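**Q** Sending over a structure as structure tokens; questions will come in a sec.
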Amino acid sequence: MDSLDYVIESIDRITASDYIPTPEDLILNRIQTTGMTDMRMDYGGVKLRLMDMGGRRSERRKWLHSPDENADIVVFIVAISEYNQTIFETPDMNCISESLSYFQMVLNHRIFRRIPLILFFNKMDLFEKKIFEVPLHVVDETGEDTRNEDFEGPYAEDAPSINEKETAINAAKTYMARKFLDLCETERVLLHCFVTATEIQSVRAAIHRVAEPPRQRQYPIENFI
């Protein structure tokens, strides 16, 4: 549970009889997406249609069999902090490995071959803390727990100073991004962003990059997935 620390720190306030949720409470209240949610919004005069699909394998399969052929952009979101976690359906499948496999499927889909992609690497706040506690690079002689064995550092756990920590964070997130970007032709991915979906300013900046003013934008945006 990504918000566990927040809940524990706020437990007295949340359990108070006169409790009223704050905007941050609502943002951190995760609700699992099931099926397809179709949302429309206006951002700076640009009309956007956002279609959000559930993340479970069964939900993704439904969507891949009936994608929107009118989509202008596909926004692919990766939970970058889940590098050491496994998926719900298959406990021995790493979450990032699963995301890479699914990203490859999107790249090769007959409809999406003609559609530009944007990559969002989400949960950066958790990632930046986690790499100092849970190594990104692990080599296990048995092979069972090996992950990111080709990451050459600098490693976060070996970074004592603030500058070295920042360098380690940048190296780690660049490495993670390259795992996805190396799967496709450069021109397919218009941009990639590192975001924290629970931080309003981070999301606003990301959406602004997607929905640039028409005069600056090099591609039409009406529907994005």
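The values are calculated or read from the model by the stated rules, or taken from the named source; none is laboratory data. Because the structure is a prediction, the values reported are computed rather than measured. Note that each Cβ is placed from the backbone with ideal geometry, even for glycine, and that neighbours are counted across all protein chains shown.
**Q** Can you name the helices (runs of 4 or more DSSP H) wholly within the stretch 115-219 that have at least 3 residues being surrounded by 19 or more Cβ atoms within 10 Å (Cβ to Cβ) and at pLDDT 85 or above?
**A** Details: elements: 124-130, 162-181, 200-210.
Passing ranges, in order: 124-130, 162-181.
**Q** What pairs come out if I take residues in the stretch 83-108 that are of a type in the set (Val, Ile, Thr) and pair them with residues that are part of a loop (DSSP other than H, G, I, E, B) whose C-beta lies under 8 Å away, six or more apart or interchain?
**A** Partner pairs satisfying both residue conditions: Thr86/Asp92; Thr86/Met93; Ile87/Met93; Ile96/Tyr83.
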